[in-house]
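The values are calculated or read from the model by the stated rules, or taken from the named source; none is laboratory data. Please read all numbers here as calculations on a predicted model, not as lab measurements. Cβ atoms come from the backbone with ideal geometry, glycine included; neighbour counts cover every protein chain shown. To get the accessible areas, we keep the full protein, side chains included, count just its heavy atoms, and leave off ligands, DNA and RNA. Shrake-Rupley method; radii C 1.70, N 1.55, O 1.52, S 1.80 Å.
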Amino acid sequence: MTSDIRTRRKPPITFGQSDYEQLMRLADSGAGKPIFDELLAELERGRVTPDARLADTIVRMGTTLRYSTDAGEDRTVTLVFPHDADISVGKISILTPIGVALIGLSAGQSIDWEARDGRVRRLTVESVDASKADTTLLRAS
């Protein structure tokens with residue numbers, strides 16, 4: 001039996017208020033385009049909390065995190081807005097399938113995501129280091 005990304009239950013996710021507001025504006029700016037719609041769907045299903053009450057173990061914009069995949073990858077990346085993305089230094093855009101999958105997850109949570117090649121993959125957030133958040137990356141252009 002094959003798993004279907006549309007029917008498998010997604011884990012609960014949480015956003016800080018400021019990330020939520022910035023990401024909603026970003027998602028609205030590209031409404032109708034698949035990746036923007038995916039981001040909007042994640043934002044709509046998540047819980048929003050005041051920034052000061054957001055746990056350091058939650059993936060937010062500008063945080064560095066380590067994740068592993070069912071394909072054996074183990075990567076450390078920083079989640080950023082599109083204009084700051086640079087995969088060569090580990091800065092991945094929120095407007096990528098993996099960026100949308102990661103936002104709002106907590107360390108230890110897993111989620112299925114559809115890669116650009118159409119394959120469904122599973123990733124697990126191994127750790128989140130919010131103390132290294134790059135505050136220059138926290139504002140959308």
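You can think of it this way: the chain between Glu126 and Arg53 has 24.1 nm of extra reach, that is 0.36 nm per residue less the Cα-Cα gap.
Around the Cα centre of the chain, unit charges on the Cβ atoms of Lys, Arg, Asp and Glu (plus for the first two, minus for the last two) sum to a dipole of about 220 debye.
The order of Val128, Val48 by accessible area, most exposed first and with a 1.4 Å probe, is Val48, Val128. Here the dipole of the stretch 3-82 is about 180 debye; that uses its Cα centre as origin and unit charges on the Cβ of Lys and Arg (positive) and Asp and Glu (negative). Its residues counted as N, the stretch 13-65 yields a C-alpha radius of gyration over 2.2 N^0.38 Å of 1.13. Solvent-accessible area assigned to carbon and sulfur over the stretch 1-86 amounts to 48 percent, based on a 1.4 Å probe. Think of the chain as having a plus end and a minus end, set by charges on the Cβ of Lys, Arg, Asp and Glu; of Leu39, Gln22, Val80, Leu39 sits farthest toward the positive end of this dipole.
In this structure the stretch 9-89 gives 54 Å² per residue of accessible area when probed at 1.4 Å with all protein chains present.
If R0 equals 22 Å, the separation of the Cβ atoms of His83 and Ser29 corresponds to a calculated FRET efficiency of about 0.95. Where both bridge residues fall in the chain, DSSP classifies roughly 75% of the beta bridges as antiparallel. The Gln17 and Arg75 beta-carbon pair, evaluated with R₀ = 41 Å, returns a calculated FRET efficiency of approximately 0.90. Rounded, prolate or oblate for the stretch 13-107? Axes are the square roots of the Cα gyration tensor eigenvalues, ordered a ≥ b ≥ c, and the cut-off for rounded is a/c under 1.5. Judged from the Cα gyration tensor, the stretch 13-107 comes out oblate (a/c at least 1.5, b/c at or above a/b). Relative protection proxy for 102-109, 49-56, 75-82, from highest mean packing down: 102-109, 75-82, 49-56 (other beta-carbon atoms within 10 angstrom). Note that the stretch 54-101 carries a Kirkwood radius of 11.1 Å, evaluated over its alpha carbons pair by pair.
Each residue of the stretch 32-48 is assigned a 3J(HN,Hα), and the resulting list reads x, 8, x, 5, 5, 5, 5, 4, 4, 4, 5, 4, 5, 8, x, 9, 9 Hz, derived from the Karplus form 6.51 cos²θ - 1.76 cosθ + 1.60 (θ = phi - 60°), x at Gly and Pro.
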